[in-house]
Structure formats: C-alpha cells, structure tokens
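Undergrad: Questions regarding the structure given below will be posed in turn.
Any read-out appearing in this document is the output of simple, stated calculations on the displayed coordinates, not a laboratory observation. None of the values given here were measured: they were computed from a predicted structure. For neighbour counting, all protein chains shown are included, and Cβ atoms are generated from backbone atoms with ideal geometry for every residue, glycine included.
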Amino acid sequence: MSASMEAAKEKFVAVIEKQLARIEKMKAEREFIDYTTLDTIIIGVCGGDGIGPAITKASKRILEFLLADELESGKVVFKDIEGLTIENRVKAGKAIPDDVLTELKACHVILKGPTTTPRAGDPWPNIESANVAMRKELDLFANVRPVRVPEQGIDWTFFRENTEGAYAVGSEGLHFNEDLAIDFTVTTQEGSERIARAAFEYAKKNGKTRVTAVTKANVIKTTDGKFLNICKEVAKDYPGIELDDWYIDIMTAKLVDEKRRTQFQVLVLPNLYGDILTDEAAEFQGGVGTAGSSNLGKRYAMFEAIHGSAPRMVAEGRDIYADPCSMIRAAAMLLSHIGYGEKAEKLEKALDFCMYQEKKLVITGRDTGATGEEFADYVMETIAAQ
Ligand code: IPM
Ligand code: MG
C-alpha cells in the first residue's frame with residue numbers, strides 16, 4: 001500500500017476514534033443544568049471581533065439595566081472575556097486560545113459577539129471557525145433560531161443540530177492528492193436523538209402541533225437517513241405532535257411559498273442545512289441583522305447573532321453604526337434561558353416596538369442612521385416607559 005494510502009487510512013481511523021470518544025462524553029452528560037439551584041449565575045461576555053465588540057457592548061448594557069437588582073445582590077455576575085479576536089487566534093494557532101477557553105468554561109452562559117471566520121486566501125491561516133469550535137468544545141448541540149413575522153403568519157423555530165453533520169470534522173478533511181479531496185459528515189445516534197428531543201420538547205411546551213424534519217435523506221442516505229429515522233423514532237414519544245419530513249431543496253423553495261410557509265412551526269435539521277435555511281428565514285424578518293440565536297448544551301449555553309463580523313464596516317469606520325438588534329435579541333434569549341422570562345418578554349416587546357412600530361431611531365449601518373449605543377438607549381428608555 002502506498003504511503004499516502006496508509007496515511008489516509010490512519011486519518012479515517014483517527015476521525016472515527018475521535019467521534020467514538022465524543023459519543024462517550026455525550027452519553028455521560030444526560031442531565032441539563034438547573035439555573036435555579038445556583039447561588040450565582042456567571043454570564044461571560046465575549047465581544048469577538050469586527051463589529052462584535054460594538055454590538056455586544058450595546059447588548060450588555062441592556063442586560064445590566066434589566067438585571068440591576070440581581071447584579072446588586074450578587075445573584076448574577078458578568079465576566080468580560082477578551083482575546084477571542086482573529087489576531088489572538090492566529091497567534092495561538094487555534095480556533096480558541098487555551099486561556100480564553102478556560103475563561104469560557106468558568107461561566108454558565110455566554111453572550112458572544114461575531115468572530116471572523118478565516119477562509120482560504122485571507123491574510124491569516126485558514127484555521128477553524130471560533131464559532132464552530134466553541135459549539136463543539138462546550139457541546140452546544142442545539143442551535144435554536146426563532147424567526148417571526150406576525151403580520152405574515154410566520155412563526156418558525158429552527159432547531160439546528162450544532163455539533164455534527166458536515167461541521168463535525170469540517171476543518172479536518174483529507175487532501176489525498178492533487179486530484180482528490182474528501183470531507184467527512186457525521187451523524188450519531190445520541191447527537192440526533194438529543195436534538196430531535198429538544199425540538200419535540202419545545203413543541204410540546206409551546207403548544208405546537210407540528211415538527212418538520214429537513215434532510216436530504218434520499219441522496220445522503222447514510223447520515224441524513226439516520227437523522228431522519230431517529231426523528232421518526234422520537235416522534236413516537238409525542239402523540240399529538242405530527243412529524244413531517246421534507247428535503248432541503250424543496251424546503252428552501254417552500255419558505256418563499258406564502259401559502260405553504262405559514263404551516264411550518266418547529267423545524268429540526270442537520271447542521272449545514274440549518275445554517276443555510278436560517279439565513280434565508282431571517283431574511284423575511286428583516287435580514288440576519290435582526291436574528292438572535294441560542295446555542296444550548298447541557299452544561300453551557302451561548303447566545304449570539306446569526307451573522308458574521310462584517311470586517312468591512314470596521315475598515316470603513318462604521319462599526320459604531322452596526323445594528324445591535326441581533327445581539328439584543330440574543331440577550332433576550334439569554335434572560336429567558338436563565339429563568340428571567342418576564343424580563344426577556346419586556347425586552348422583546350420593547351425591541352419590537354422600537355424596530356417595527358415607533359421607529360424613532362433607525363439603524364442604517366452608516367452615519368445616516370443612529371449608532372448602536374443610541375439604539376440601545378432608545379430600547380432602555382422604552383422599557384422604562386412600559
Ligand atoms: C452561523 C454562522 C457560522 C456557521 C459561521 C460564522 C461559522 O454562519 O452561525 O450561522 O456557519 O455556523
Ligand atoms: Mg450561518
């Protein structure tokens with residue numbers, strides 16, 4: 001056997017071994033953390049890079065405002081985490097530098113700004129995305145992304161699997177030779193079951209009657225096939241909630257079908273399809289700049305915008321005009337996750353009022369509109385007046 005064939009075999013064995021180890025870890029951690037039992041909830045705040053620090057700061061101020069009493073009593077503390085910048089990550093040669101990871105792991109929940117995702121041709125090495133690495137390191141398996149446009153009857157909650165699929169080994173594919181490159185896609189029993197269960201549990205708690213699984217199981221038969229089968233198995237435990245099954249290609253089309261799209265409620269899907277479909281979905285709501293997301297695990301949870309770090313805005317000196325609404329939505333999701341549902345509702349209501357009703361200040365991304373800080377003030381004034 002040639003040396004490169006031997007190396008390829010070893011690589012494949014290593015991929016399998018790493019996934020088997022991950023499965024053992026998943027099996028060992030079955031219980032969700034209960035925030036009500038904690039004396040102190042530690043909220044890590046990680047600005048990221050690009051427009052991240054600006055929009056994260058605006059969102060953190062709102063959290064401080066809403067959690068003033070809890071901060072005072074020590075029930076909640078904030079911990080600023082610096083260093084998740086592209087420069088530091090390149091210097092450490094890692095998606096997340098070790099010291100940053102240690103700090104992240106000392107928190108319960110994290111509010112995270114966008115981080116620049118390297119790609120081939122950039123001035124820095126093509127290291128793994130910090131987002132993807134954090135989701136894997138903290139085992140944040142459920143990426144929950146709500147999209148709502150009430151006047152059009154759109155009320156969707158996406159449960160994107162966040163640690164597997166094409167992303168699990170996305171930065172460790174095989175360049176066999178000049179002619180051949182191979183990536184790996186991973187589906188596990190445990191990983192699919194926990195995301196399917198999260199989607200059905202959400203549906204049950206929120207009075208939803210339908211969960212839609214989105215795959216390409218007719219072509220990607222092994223991994224997507226397994227994902228879909230597990231969704232069908234899990235569905236049996238939830239009588240009264242119907243499971244329907246769609247392929248990703250036709251689903252992207254049906255989201256623009258005004259008659260059909262209002263019928264979707266909760267959607268559960270593998271990582272890559274979830275990434276793509278949630279950007280499309282957010283567009284109906286006003287674009288990715290308006291959408292927050294939660295990344296939930298059993299021990300940790302992280303809340304972020306669904307968009308990138310927009311380095312061009314920073315290069316043009318426009319980061320102060322970046323729209324913080326996605327990060328403010330993320331803050332609302334954080335509040336609700338740690339047990340402050342009422343505060344989260346207040347924030348959501350005020351944000352809707354500022355963004356879609358009163359619109360006293362408008363964000364344009366340029367000096368023709370408000371700054372993110374001014375918009376945050378506007379949201380806080382609105383809450384105070386509620
Ligand atoms: C998202 C983003 C990330 C992803 C990127 C930045 C790696 O697009 O959160 O959807 O692909 O998951
Ligand atoms: Mg995306």
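Undergrad: Kindly state, to the nearest 0.05, the FRET efficiency for residue 72 paired with residue 279, given R0 = 35 Å and r defined as their beta-carbon distance.
TA: Working from the Cβ atoms, E equals 0.35.
Undergrad: Could you tell me what percent of the DSSP beta bridges with both partners in the chain are antiparallel, to the nearest 5?
TA: Antiparallel bridges: around 45 percent, rounded to the nearest 5.
Undergrad: With each pseudo-label sitting 7 Å past Cα toward Cβ, what's the residue 13-residue 247 distance in nm, one decimal?
TA: Going by the 7 Å Cα→Cβ label model, 3.8 nm.
Undergrad: To the nearest 500 deg cm²/dmol, what mean residue ellipticity at 222 nm is calculated for the chain from DSSP H runs of n ≥ 4 alone, each contributing -39,500 (n - 2.57), summed and divided by the residues?
TA: Calculated from helices alone, the mean residue ellipticity at 222 nm is -13500 deg cm²/dmol.
Undergrad: Please report Rg (one decimal) and Dmax (integer) in Å for the Cα set of region 41-197.
TA: 18.3, 62
Undergrad: Continuing with the same structure: In the structure shown, do any of 136/298; 216/254; 25/298; 205/343; 79/360; 112/204 have a Cα-Cα gap over 21 Å, and if so which?
TA: Over 21 Å Cα-Cα: 79/360; 112/204.
Undergrad: Once you have the Cα-Cα distance between residue 38 and residue 155, take 0.36 nm times their residue separation minus that, and quote the gain in nm to one decimal.
TA: Net length gain for the segment: 38.8 nm.
Undergrad: Mean shadow of region 97-165, computed from the convex hull of its alpha carbons, in nm²?
TA: Hull-based average projected area comes out at 7.0 nm².
Undergrad: Report, in degrees rounded to the nearest 10, the 0 to 90 angle that the Cα long axis of helix 325-337 makes with the longest principal axis of the chain.
TA: On a 0 to 90 degree scale, this one is about 80.
Undergrad: Compute the helix-to-body angle for 189-205: its Cα long axis versus the longest principal axis of the chain, expressed 0 to 90° and rounded to tens.
TA: 30 degrees
Undergrad: Further question: Using the Cα centre of region 1-153 as the reference point, and only Cβ charges (+1 on K/R, -1 on D/E), how large is the resulting charge dipole? Debye, rounded to the nearest 20.
TA: That gives region 1-153 a dipole magnitude of about 520 debye.
Undergrad: Enumerate by residue number the GluC sites (Glu not before Pro) in region 111-218 meeting two conditions: DSSP loop (anything except H, G, I, E, B), and at most 14 other Cβ atoms within 10 Å of the site's Cβ.
TA: 172, 178
Undergrad: Divide, for region 173-290, the radius of gyration over alpha carbons by 2.2 N^0.38 Å, where N is the residue count.
TA: 1.17
Undergrad: Along the charge dipole of the chain, Cβ charges K/R +1 and D/E -1, which of 314, 253, 303 sits furthest on the positive end?
TA: 253
Undergrad: May I ask for the Rg/Rh ratio of the chain, computed from Cα atoms with Rh as the Kirkwood radius, given to two decimals?
TA: That ratio is 0.96, to two decimals.
Undergrad: How big is the charge dipole of the chain about its Cα centre, in debye rounded to the nearest 20, if each Lys and Arg gets +1 on its Cβ and each Asp and Glu gets -1 on its Cβ?
TA: 740 debye
Undergrad: Report the label-to-label distance for residue 105 and residue 181 in nanometres (one decimal), using points 7 Å from each Cα along the Cα→Cβ vector.
TA: 3.2 nm
Undergrad: If you don't mind, another one. Mind telling me which of 285, 189, 265 comes out most flexible in a GNM of the chain, alpha-carbon contacts under 10 Å?
TA: Largest GNM mean-square fluctuation: 189.
Undergrad: To the nearest 20 debye, what is the magnitude of the charge dipole of region 320-367 about its Cα centre, counting +1 on the Cβ of each Lys and Arg and -1 on the Cβ of each Asp and Glu?
TA: 60 debye
Undergrad: How tilted is helix 341-352 with respect to the longest principal axis of the chain? Cα atoms for both, answer in degrees (0 to 90, nearest 10).
TA: That helix lies at roughly 80 degrees to the long axis.
Undergrad: What spacing in nm lies between the two simple spin-label points modelled at residue 362 and residue 384, each 7 Å away from Cα in the Cβ direction?
TA: Here the answer is 2.6 nm between the modelled labels.
Undergrad: Then there is this: What translational diffusion coefficient, in µm²/s and rounded to a whole number, does the Stokes-Einstein relation yield for region 258-376 at 20 °C and a viscosity of 1.002 mPa s, taking the hydrodynamic radius as the Kirkwood radius over Cα pairs?
TA: Estimated via Stokes-Einstein, D reaches 136 µm²/s.
Undergrad: I've got another one for you. Using every pair of alpha-carbon atoms in region 225-265, split the distances into 10 Å bins beginning at 0 and state the percent of pairs per bin, rounded to integers.
TA: With 10 Å bins starting at 0, P(r) equals 25, 44, 30, 1.
Undergrad: Can you tell me what the convex hull of the Cα atoms of region 1-58 projects to on average, as an area in nm²?
TA: 8.2 nm²
Undergrad: Along its three principal axes, how long is region 1-128 when you only count alpha carbons? Whole Å, largest extent first please.
TA: 68, 40, 18
Undergrad: Under the definition of Cα pairs under 8 Å and six or more residues apart, what whole-number percent is the relative contact order of the chain?
TA: Relative contact order, the chain: 19 percent.
Undergrad: On a full-extension model of 0.36 nm per residue, what is the gain between residue 79 and residue 193, subtracting their alpha-carbon distance, rounded to one decimal in nm?
TA: 37.7 nm
Undergrad: For region 177-223, what class follows from the C-alpha gyration tensor (a ≥ b ≥ c being the square roots of its eigenvalues): rounded when a/c is under 1.5, otherwise prolate if a/b is larger than b/c, else oblate?
TA: It comes out prolate by the Cα gyration axes.
Undergrad: Counting Lys +1, Arg +1, Asp -1, Glu -1, what net charge surrounds residue 181 among other residues with beta carbon under 13 Å of its beta carbon?
TA: -3
Undergrad: Quick one: if the Förster radius is 45 Å, what FRET efficiency do residue 6 and residue 237 give, using the C-beta to C-beta distance and rounding to 0.05?
TA: For R0 = 45 Å, the calculated efficiency reads 0.50.
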